[in-house]
Amino acid sequence: MLKQFLNLKLSQKLSPQQIQLMKLIQLPTQAFEQRLKEEMIENPALETGKDEEELYEKDEFDNNDEYDDYEGSENIDTDEINIDEYLSNDETPEYKLQANNYSDDDEQYSSPLAAPTTFHQDLINQLNTFILTDEEREIAEFLVGSIDDDGYLRRDVQDIVDDMAFTQGIYTKEKTVEKILHIIQDLDPAGVGARNLHECLLLQLRHKTPTESVDLAIDIIQNEFDAFTKKHYEKLLAHYEISKDQLKKAVEEIEKLNPKPGGVYDSQSRAVEQIVPDFAIRIVDGELELTLNGRNAPTLHVSKDYQEMLQTYKDSRDKSNSQKDAVQFIKQKLDSAKWFIDAIRQRQETLFVTMNAIMHFQQDYFLDGEETKLKPMILKDVADMVGLDISTVSRVANSKYVDTPYGTKLIKEYFSESMKNDQGEDVSTLEIKKILKTIIEEEDKHKPLPDDQLADILKEKGYPIARRTIAKYRDLLDIPVARMRKKI
C-alpha cells in the first residue's frame, strides 16, 4: 500500500561569494596579506594605492564605483565594439603593484627572516662527520627519515628492513640496521632515535658525566622503571637501601631529561615565527581604545585603465567575435575587483565590530589585566551584541590575536562558560581554573592534594564544584594527578 507524505524542508545555501567572504574573515593578518597578493596577481583590474589623478576623495570602498555608470556592463552591445586599436601588444594594461598600503602612523610588524636548520637535516649533517660506506649511509638516511618529530624511531627494525627492500631496493639485515641505529643514537640531541621512553631516558643518562647520582638513575630506569613512573619512592628506598637524599638527587637527574628530544628543534622553529596581532587595545585617559592592524585595511581601487577601456569599447563601432570575448573578460575582471573591494570592507567591519563587542564585554579585565575579572562569555553573547551569526564570531575569535597592555593573546582565550558560586553569582570557569592552578602551585609537594581535597578547598572559597569537574579542569591545565606531583 502506497502512502503519500508532505514533507516541508527549509534550507539555505550560501552563494560562492558568501563562502569566499567567510574565508576572508577567518584569515589572520599574515594569511590575509598573502591572499591579497594572490588576488592582485590574478586580477589586473584590481590596484592598490591612491589613484594618481584624484587620490579618491570619496571612500575607496564606496559601492558607487565609476564603472557603475555603465549600468554594469551587462547591457553593453558587443556588436558595436572594436578592441584592437585600444589593447597594447601584450593585452595587459599597466597598473601599479608597489604602492605603499600603510600610513606612516601604522605600526609595522615584521617577521624574522631566519630559516633554521630542520631537525632531520641537522641529523643528516652530523652523519657527514662519520666514515660510512655507501650502503651504510643509505641505511642511516632512511632511519633518520623514519624518526618522528619527537625524536623517536617508533617502527620495528624488521619493518624497516622490509620497507627498505621494497621501496628503496636496499637489501640488508637487522643486525646492520641495529648497528647504524646505534650510531644515530650517539648524535645530538641526546635520546634521539630511541624506540620508547625507557630507551630515550637511558640514552640521555648515558650521555651524562658518570656520578653516583647518574649511576643510580641509570639503574632505576633500567631495572625499576615501573616503580619510578608510579612514584613508589618507598619501594625504591627499600630496594636500594639508600637515603631519601640519595634518591632525591637521582630523581632530579632524571627530571632534567627531555622526554621529547626532537621537540627542542620544534620549539626553536616556533620561536622564529612571529605572531602578528590583528587588533590592538590601549588605555587612553582611562578609556579603552581599539584599533585594527593597518595591514588589514589596504587601499584598493578598480583600475582606471580597465574602466577607460570598457568605455572606449562601448563607444567603438567596429565589430568582431574576438572583441566580444575581450569585453566579457574585462567585465568579469571589473566585477571581480569590485566584489573583492567590497568583501574587504565587509571583512574590516566584521572584525572591528566583533572585537569591539568583546572589548566592551570584558571591559573590567582590559582596564587592569586581572584575569579573575574576566566574565563568562560564549559566542552567542557576542553574536547577539553585534547581530552576526555565531559561526562568524567563531571565525574571528579562533584565528585572531589582540595586542593588549598585558600581552598578545588569542581572542578565543577570553571565552569561557559560567557557573554559579555559593552566592548565586555567575563566575567564569577561567577564574576557577586560575584559582585551582594557584592552589596546586602552593600545595605541599611531599603530600600533594587529591581531587576530592581540591574540591573541598574550592568549596570553602565559595565555588561548589564536583570532584569530576576538578579532574576535568586539571586535565585542561595539563596538571597530573596528585600521585604524579609527589616529590621526595
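The values are calculated or read from the model by the stated rules, or taken from the named source; none is laboratory data. Every value quoted in this text rests on a predicted model; they were computed, and no experiment measured them. Cβ atoms come from the backbone with ideal geometry, glycine included; neighbour counts cover every protein chain shown. For accessibility, only protein heavy atoms count, side chains too; no ligands or nucleic acids. Shrake-Rupley method; radii C 1.70, N 1.55, O 1.52, S 1.80 Å.
Observations
- Entries in Lys208/Lys445; Lys230/Lys434; Lys373/Lys433; Lys412/Lys433; Lys249/Lys486 that, when Cα-Cα distance is taken, lie over 18 Å: Lys208/Lys445; Lys230/Lys434
- Shape category assigned to segment 362-430 from the gyration tensor of Cα positions, a/c cut at 1.5: oblate
- Anisotropy class of segment 143-245 from Cα gyration tensor, a/c 1.5 cut: prolate
- Average accessible surface for segment 352-472: 52 Å² per residue, computed with a 1.4 Å probe over protein heavy atoms with every protein chain in place.
- Placing pseudo-labels 7 Å out from each Cα toward the beta carbon at Thr211 and Ser394 gives an inter-label distance of 5.3 nm.
- Approximating the spin labels as points 7 Å out from Cα along Cα→Cβ, the Gln20-to-Gln158 distance works out to 5.7 nm.
- As a calculated quantity, the FRET efficiency between Asp134 and Arg195 at R0 = 25 Å, using C-beta atoms, amounts to about 0.45.
- Stretchable slack from Lys248 to Leu367, in nm (0.36 nm times residue separation minus alpha-carbon distance): 38.3 nm
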